[in-house]
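Report on the structure given below.
The values are calculated or read from the model by the stated rules, or taken from the named source; none is laboratory data. Keep in mind that this is a model prediction, so the values were computed, not measured. Here the Cβ is made from the backbone with ideal geometry for all residues, glycine too, and neighbour counts use every protein chain on show.
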Amino acid sequence: MANLIDGKRISQEIKEELKTRVEQLKAQGINGCLAVIQVGADPASSVYVRNKKRACAYIGIESRSYELAEETTEEELLSLIGKLNADPDVNGILVQLPVPAQINESKIIRAISPAKDVDGFHPQNVGALVSGLPGYVSCTPAGVIQLLKRSGISIEGKHCVVAGRSNIVGKPMSLLMLRENATVTIAHSKTKCLREVCRQADILIVAVGKPKMFDASYIKEGAVVIDVGIHRDAENNLCGDVDFDSVLTQVEAITPVPGGVGPMTIAMLMNNCVEALTR
Ligand code: GUN
């Protein structure tokens with residue numbers, strides 16, 4: 001029977017640890033503040049932003065909201081980021097993505113001071129990850145590492161296939177697994193014989209953005225499967241990139257959707273915010 005990797009429980013455990021750490025820092029007179037910027041009112045983004053602010057309140061750090069109009073110009077957003085970079089009371093800055101088309105996302109990411117980049121998206125933080133230097137790590141992949149470690153799943157020497165190569169998940173995920181001494185293969189939409197490649201994985205991490213694409217034929221008996229996708233299926237139920245019901249009998253352990261990787265992203269964002277307090 002497959003073990004379910006409980007992201008809800010593990011994320012709660014991490015938030016409790018962070019709450020204690022924040023109390024200790026407060027006793028030393030160190031207070032945190034995360035600036036959260038949202039441009040426009042995309043409903044999904046609004047839900048994420050609300051949950052991030054809620055998590056800040058839960059662990060005991062302040063959050064400041066900047067809700068900007070859809071028509072906000074790149075210059076206006078850059079000017080706000082400049083002010084927040086210079087504000088000593090603000091430790092972390094987060095611009096919820098995606099931003100509207102008139103704003104260059106890459107330019108925005110590069111404008112945030114690397115020292116306040118709690119998303120870990122700035123090229124300096126990405127470069128630090130590549131070079132094995134300290135820096136902020138992208139929250140979702142960092143959360144996957146915590147899921148594996150806190151579930152007692154060993155990584156060293158295992159063959160890990162990461163399906164997906166986005167800047168936010170696939171690429172940093174591969175580097176983190178490499179840092180944990182896995183043998184890493186990055187697969188993507190142009191990979192030949194994708195099914196066969198995935199079937200070689202001891203640990204398969206899927207972040208391709210295609211509902212239920214990975215059925216039993218992609219998975220080796222006894223593999224650990226981490227599903228980063230989140231979608232609504234035809235019946236309006238949440239589902240991942242993995243066809244959960246089809247693979248359940250052959251996996252050793254798997255993350256459910258919802259309640260797997262999802263809750264970990266915010267827990268690791270909070271971890272980065274707490275790290276920002278002691279830099
Ligand atoms: N949009 C989707 N995921 C993320 C994330 O992790 N951080 C930010 N800033 N925007 C996102």
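Numerical summary
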| quantity | calculated |
| --- | --- |
| Hits in the stretch 159-185 (condition: away from the ligand (no atom under 16 Å from the Cβ) and among the hydrophobic types (A, V, I, L, M, F, W, C)) | CYS160, VAL161, VAL162, ALA163, LEU175, MET177, LEU178, ALA182, VAL184 |
| Matching residues, the stretch 29-58, being within 13 Å of the ligand (Cβ to nearest atom), farther than 16 Å from LYS116 by Cα and of a type in the set (Gly, Ala, Ser) | GLY40, ALA44, SER45, SER46, ALA55 |
| Any hit, the stretch 182-199, residues being farther than 15 Å from VAL161 by Cα, part of a loop (DSSP other than H, G, I, E, B) and touching a Gly at 6+ places or on another chain (Cβ under 8 Å) | no |
| Test: residue in the stretch 270-279 that is closer than 19 Å to ILE153 by Cα and at pLDDT 95 or above | no |
| Residue within the stretch 124-135 that is aliphatic (A, V, I, L, M) and surrounded by fewer than 16 Cβ atoms within 10 Å (Cβ to Cβ) present | yes |
| Helices (runs of 4 or more DSSP H) contained entirely in the stretch 88-158, each with at least 3 residues that are within 11 Å of the ligand (Cβ to nearest atom) | 105-111, 139-150 |
| Matching entry among ARG199, ARG165, ARG179 (being closer than 14 Å to ILE145 by Cβ, at pLDDT 95 or above and surrounded by fewer than 23 Cβ atoms within 10 Å (Cβ to Cβ)) | ARG179 |
| From ALA216, ALA267, residue being within 16 Å of the ligand (Cβ to nearest atom) and in contact with a helix residue (DSSP H, G or I) (Cβ under 7 Å, 6 or more places away or on another chain) | ALA267 |
